[in-house]
1. Out of residues 5 or more away from Val344 or on other chains, whose amide H comes under 5 Å of its own, with H placed 1.01 Å from N in the peptide plane?
2. Express in nm, to one decimal, how much length is gained between Asp377 and Ser181 on full extension, taking 0.36 nm for each residue of separation and deducting their alpha carbon distance.
3. Once neighbouring chains are kept in place and the probe is 1.4 Å, which whole percent of the accessible area of the chain is contributed by carbon and sulfur?
4. Given the convex hull over the Cα atoms of the range 293-451, what projected area results after averaging over all orientations, in nm²?
5. Using only Cα atoms, locate the centre of the range 169-183 and the centre of the range 374-415, then give the distance between them in Å, rounded to an integer.
6. Testing the spin-label approximation: label points 7 Å from Cα along Cα→Cβ at Thr427 and Gln358. State their distance in nm.
7. Compute the distance in nm between two label points, each set 7 Å from the Cα along the Cα-to-Cβ direction, one at Val29 and one at Val61.
8. Give me the number: length gained by fully extending Gln191 to Ser136, i.e. 0.36 nm times residue separation minus the C-alpha to C-alpha distance, one decimal in nm.
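The values are calculated or read from the model by the stated rules, or taken from the named source; none is laboratory data. From a predicted model like this one, the values you see are computed outputs, not experimental measurements. Counting neighbours? That spans all protein chains shown, and the Cβs are built from the backbone with ideal geometry, glycine included. Keep in mind that these areas ignore ligands, DNA and RNA; they rest on the heavy atoms of the full protein, side chains included. Shrake-Rupley method; radii C 1.70, N 1.55, O 1.52, S 1.80 Å.
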Amino acid sequence: MGTISSAFNIMSGALDADQSALSIVASNVANANTPGYTEETANFQENSPVTINGLTYGAGVTETGATSIRDRVLEERLDQQQQAASSSSMRLAALNTVQALFTPDSGSSTSTAGDIGSDITSFFSSFASLEANPSSNALRQEVLSSASTLSGDISNAANSLNQQKSALDQEASGVATQVNSLTSSIAQLNQQIQSTSPNADAGTLEDQRQQDLSQLSQLVGINQVTTQDNGLAITTTAGQTLVSEGVSTPLTTGVVNGVTHFFVGTTDVTQPLASGGGSLGGYLTARDQDIPGVLSSLDQMAFGISTEVNAQNAAGTDLNGNAGAAVFFQPQQVAGSASTMSVVMTDPTQIAASALGQGTGDNTNATALANLATESDPPILTGLQLPDGTVLSAGQTLLNNQDPSGCYSGFVTTLGSTVSQVQTENTAQNASVTQLQTQNNALSSVNLNDEASAMTTMERSYQAASQVFAMLNTVMAAALNLGDQTTVS
């Protein structure tokens, strides 16, 4: 086999291999700015040598196709970290909107609640002013005015929270459509990859699948499992199958108790999805945990203030000699108290500034009303029967063992602490995403300097093969001419 003919074959194969490798380099350069494109490298395989009479003769090389430079473990780690970062980002955005409701000095247009803390102080201070002149109609009107401001700001805050909860519900519902589009695309790519490259890298098809996986991981928490023939199965973090090789199962929605729930088949996966990650997890956590928690605190405060003030006013005598009427609408239960809080008293003479049996100039009950501002266990609560039939015993409170201002301050502080915690988590998670993305880019992205070097190498190899080919052609011509170089050129 050590003949000129075999040498021609080897050089011809070398030229083909170098040309193929140059095409791969050219493709890398052309796609350097294509999102999701993974750098490819040429694979050279030695042709099987031939052995004759105990001597082994090389048969050159063949370029067997490109292989993408990827690390699937690194890509999956990046997807997982994106799930966490996306979830905390959406949750943080929702919490910032909630916090802005109770931060009127932030300049945010969402601060529709006013300054509830100042409202509470002003309301109880108006009773303190009434102590000095309990028969003053102007001071009594000031009590009703400050009560209206307080109840209006609390109900506005509750209504804004409910509106935000509804908006999050709609946004969460929209995620299902995006998830289904991506899982369907991944299933189709699985089929293509398994049919064309069951045992090797599928190049741009795998790039497209990874792009879809990256987008999917930003929407919902998922787990990935590699299957036979280079396929892929995807499940929710709770284990429900979304993609099984070439088949996708849609994520469906339905309304349960007034809010959107999510299903895979007949299984309700709403709660697992909330803790699974992705933007959907952030939406659901804010919708089902954060906002209800804030509303619960606001409801408790509204119920407590309304009940205490109404009870204390009923314990005194108004300017008409009658028992004091309710100042606020009396809620029948804690839930919903904030959104329904309002002033029902329209006549300022019905404010009971004096104690029972005392004249209109007495200020005893006005003092007791003013003292509600600083009492965590007002005497009026002992023996008080609530709308649900509960009778309060000594030491029981309606404001979590705090006075009204302390109750409000406590819940705002808790909200701020939650925002700070999520902000810290999100910052750390985004930093991790950036680090992993940098590592992945360093491995898989096209580096034009490296491509220039590879192109130079391939060009030199091609030129070398060409020169050998030319030399062989000269030798062949000399052989055919029997040494006479003018006969055959």
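1. Phe328, Phe329
2. The span from Asp377 to Ser181 would gain 64.8 nm if fully extended.
3. Summing carbon and sulfur atoms, their accessible area is 49 percent of the total for the chain.
4. On the way: hull surface 58.1 nm².
Averaged projected area of the range 293-451's Cα convex hull equals 14.5 nm².
5. Result: 43 Å between the Cα centres.
6. 5.4 nm
7. Simple spin-label model gives 2.0 nm for this pair.
8. Between Gln191 and Ser136, full extension yields 11.4 nm more.
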